[in-house]
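Below: the structure, in structure tokens.
The values are calculated or read from the model by the stated rules, or taken from the named source; none is laboratory data. Nothing here was measured: the structure is a model prediction, and the numbers come from that model. Note: ideal-geometry Cβ built from the backbone for every residue, glycine included; neighbour counts use all protein chains shown.
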Ligand code: UDX
């Protein structure tokens with residue numbers, strides 16, 4: 001039967017840094033005429049709002065509390081695999097007699113079992129990679145045996161096609177220390193072992209951002225660049241008018257921070273956030289706070305749960321100069337003219353958002369793909385600096401202050417700002433109508449609309 005319109009189920013892993021880009025992708029597909037349904041867990045379904053994308057619940061087996069209700073990562077991923085496969089299949093079946101039967105599942109790379117569900121129904125499958133293509137290439141090399149785990153390094157830096165030379169500290173922590181996150185790593189490796197079985201392999205990045213890598217890997221792997229998946233209002237008014245992702249797993253602090261930003265001069269405020277998953281130590285939180293205080297600049301600090309790690313004296317001093325919130329609309333903050341610098345853990349979404357909005361960064365990577373993203377911020381795109389850690393693996397207050405000054409003042413600051421403006425323009429080009437990422441999405445949409453359902 002011809003499926004004239006195409007109906008895609010988009011399945012994110014239920015964490016903020018995964019729901020955001022996958023929901024944005026679903027909106028892009030809807031803006032191009034496809035029917036798009038986001039399938040997400042019961043625990044997250046009420047946090048997601050969209051006027052163009054349908055939202056349907058599936059189960060991870062922990063409907064009351066999601067991941068936090070589970071005994072740990074391994075049990076959670078196992079449960080999601082068994083219960084999720086069943087409930088995803090039920091959702092696809094529910095639509096089968098409707099006017100819009102599902103003809104493709106786009107699934108998060110942490111949920112590789114969705115491929116089997118799509119195969120069972122004989123529909124298209126596409127995996128969505130939420131890391132940079134460069135980080136993905138490392139996993140790809142491991143899967144083919146070009147790189148063995150744990151990655152060891154004696155003296156020489158590691159050389160991989162299309163990547164700058166890498167010290168072990170520039171690579172995802174999983175690789176040097178696989179046992180530290182073995183459940184995630186097992187899922188990641190399962191996914192890379194089956195990459196070719198998918199009809200599409202999408203990556204939330206752009207050919208302009210990782211051009212050397214894409215040249216080196218040309219013809220070797222099936223990656224299709226469709227990003228950055230940043231709400232289009234910030235990039236291209238012609239696509240749609242979204243100013244938020246439309247999903248917030250935390251309650252927004254009142255929008256007092258926007259009123260506060262309004263009172264500050266252009267490029268004068270440091271915005272500080274460590275995303276949704278990284279958890280910094282009490283010692284690091286204290287050094288971070290004092291580095292900000294001693295910088296003598298205004299700052300907006302997102303302290304999701306690190307505020308209680310600070311001493312009373314620190315909290316009082318922080319509040320004299322800066323504003324502390326538990327969660328904000330990061331895009332609105334980064335787009336605000338008062339913000340001149342982003343102190344970030346370099347989660348891939350945060351990195352893409354800062355690049356897309358032209359905001360210079362001070363990188364304090366914590367785990368996962370963040371060390372590689374931080375290296376690229378400093379060396380490849382030259383849009384910021386990476387803070388150095390001491391022997392205790394802490395970024396001291398002096399080091400943070402030094403980095404902030406380097407990014408916000410002087411010759412180096414000017415150079416960084418120039419680069420940030422350049423990359424923003426290139427990104428706008430790639431996601432705008434007719435740009436390389438946009439064309440790749442069009443090719444996919446064309447195939448689904450015409451394809452056999
Ligand atoms: C994690 C990984 O670090 C990331 O690299 C991976 O690809 C996805 O999972 P996370 O640690 O949450 O994600 O960081 P990040 O990727 O930066 O995503 C955080 C998201 O939350 C961003 O889209 C950001 O805009 C949003 N955010 C953060 C807010 O909306 N408000 C805040 O106060 C803080």
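One table, with the values for the structure above:
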read-out	value
Qualifying residue in the range 11-20 (condition: modelled with pLDDT of 95 or more and away from the ligand (no atom under 14 Å from the Cβ))	yes
When residues of the range 123-148 are limited to those that are modelled with pLDDT of 95 or more and assigned to a loop (DSSP other than H, G, I, E, B), the one farthest from the ligand (Cβ to nearest atom)	123
Tally of residues being outside any helix (DSSP H, G or I) and buried (at least 17 other Cβ atoms within 10 Å of the Cβ) across the range 333-344	8
Filtered residues of the range 218-239 (kept if part of a loop (DSSP other than H, G, I, E, B) and either farther than 23 Å from residue 110 by Cα or within 14 Å of the ligand (Cβ to nearest atom) (or both))	218, 219, 227, 228, 229, 230, 231, 235, 236, 237, 238, 239
Subset of the range 345-366 that is out of contact with any strand residue (DSSP E or B) (no Cβ under 8 Å at 6 or more places or on another chain) and in a helix (DSSP H, G or I) - its residue that is surrounded by the fewest Cβ atoms within 10 Å (Cβ to Cβ)	357
Single residue of the range 151-174 satisfying the filter (assigned to a helix (DSSP H, G or I) and surrounded by fewer than 20 Cβ atoms within 10 Å (Cβ to Cβ)) that is nearest to the chain's Cα centre (by Cα)	173
Top-ranked residue in the range 183-196 [being more than 20 Å from residue 12 (Cβ to Cβ) and touching a residue at least 40 places away in the same chain (Cβ under 8 Å); ranked as nearest to the ligand (Cβ to nearest atom)]	189
Residue count for the range 56-77, restricted to those that are assigned to a strand (DSSP E or B) and buried (at least 20 other Cβ atoms within 10 Å of the Cβ)	1
Positions within the range 88-122 being over 27 Å from the mean Cα position of the chain (by Cα) and outside any helix (DSSP H, G or I), in sequence order	97, 98, 99, 100, 101, 122
Among (1) touching a helix residue (DSSP H, G or I) at 6+ places or on another chain (Cβ under 9 Å); (2) outside any loop (DSSP other than H, G, I, E, B) - the single one residue 378 does not satisfy	(1)
Meets criteria (within 14 Å of the ligand (Cβ to nearest atom), assigned by the TED database to the domain that holds residue 397, outside any helix (DSSP H, G or I) and over 30 Å from residue 38 (Cβ atoms)) for residue 261	no
Answer residue from the range 279-288, given it is in contact (Cβ under 8 Å) with a residue 40 or more places away in the chain and in a helix (DSSP H, G or I) and is surrounded by the most Cβ atoms within 10 Å (Cβ to Cβ) among those	288
Residue match in the range 122-145 (condition: surrounded by fewer than 17 Cβ atoms within 10 Å (Cβ to Cβ) and in contact with a strand residue (DSSP E or B) (Cβ under 8 Å, 6 or more places away or on another chain))	no
Filter result (under 22 Å from the mean Cα position of the chain (by Cα) and either outside the structural domain of residue 16 (by the TED database) or at pLDDT below 95 (or both)) within the range 55-71	66, 67, 68
Filter result for residue 432 (in contact with a helix residue (DSSP H, G or I) (Cβ under 6 Å, 6 or more places away or on another chain) and within 18 Å of residue 208 (Cα to Cα))	no
Where residue 373 falls short, out of the listed (1) within 12 Å of the ligand (Cβ to nearest atom); (2) closer than 24 Å to residue 177 by Cα; (3) assigned to a loop (DSSP other than H, G, I, E, B)	(3)
Residues of the range 295-332 satisfying the condition of being more than 14 Å from residue 274 (Cβ to Cβ), within 13 Å of the ligand (Cβ to nearest atom) and either modelled with pLDDT under 90 or not in a strand (DSSP E or B) (or both)	329, 331, 332
Selection status of residue 351, assigned by the TED database to the domain that holds residue 267, at pLDDT 95 or above and more than 15 Å from the ligand (Cβ to nearest atom)	no
